[in-house]
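Below is one structure, written out as structure tokens, with a few remarks after it.
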């Protein structure tokens, strides 16, 4: 009797453990769960499970209950990352670029996510296909300098907006899209570099030619201005000199008109000063009128 009771107790305990194992499940804080019945999400009859949009899914961490024939699928509720393979795109200036990008995404609707892609692996494949297409579309309308630096942040925001709109059908929210690197293919890098050097050399030559032309123009204008200034100054100086000579002659004439003898004496002194120097030898008769003031201060009178 006691053995029978013990056997029944053991069986009951085993059934209880089995029931607990098949009728309960634990949801971690980093996970979100969806209860399935014969592979289909439930829409009624689940105990201790939160109901949203008329579909039963678990949105709270802890111990949860289900029926033995029901199954549970769980998805990560944290932000996920996907590093896409390197993609080759053609920019609007016909330059080929190798672009490395990654996505930060999150499952916001587990039911829609399960119905559309089933698993995170399938979701990554869908995101890769979607990202490749969006990259080629958005970056294909931008030039290489814009992709590399000028409009990079703006282009990433546009890519995120397009992907977020398209990924809503999968129950996914795109948090961020980043272009890690955008480089020219190795085969084209040397050619593009040589072309950039040539363009810069042409630009430098153009700037030098423009500068030389401007310098010639400025120099010619300065020389013309200088010539005009010198001509004006020369004309003015000659005019002033002429006026001065006329005034001097007038003064001389007035002075000489008052005393003719003094005028003759003064002119003789000026002649002596200009014609006789320390190294000159003059052979002139002492009685010459040229030296008349040497013997007689009154000039021979």
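A Förster radius of 30 Å combined with the Cβ-Cβ distance from residue 104 to residue 150 puts the calculated FRET efficiency at roughly 0.80.
With the convex hull of the Cα atoms taken as the outline of the range 92-195, the averaged projected area works out to 6.7 nm². What FRET efficiency would be calculated for the residue pair residue 233, residue 88, taking the C-beta separation as r and a Förster radius of 51 Å, to the nearest 0.05? The formula returns an efficiency of 0.10 here.
Once the chain from residue 143 to residue 223 is taken as fully extended at 0.36 nm per residue, the excess over their C-alpha distance is 24.0 nm.
With each label modelled as a point 7 angstrom along the Cα→C-beta vector, the residue 251-residue 157 pair spans 8.6 nm.
The simple spin-label model puts a point 7 Å past each Cα toward its Cβ; for residue 128 and residue 31 those points are separated by 2.6 nm.
Need the C-alpha centroid separation for the range 104-138 versus the range 192-235, integer Å. Distance between centres, Cα-based: 62 Å.
Read the figures in this text as sums done on the coordinates, not as results from a lab. This is a predicted model, so every value here is computed, not measured. Glycine also receives a Cβ, built like all others from the backbone with ideal geometry; neighbour counts cover every protein chain displayed.
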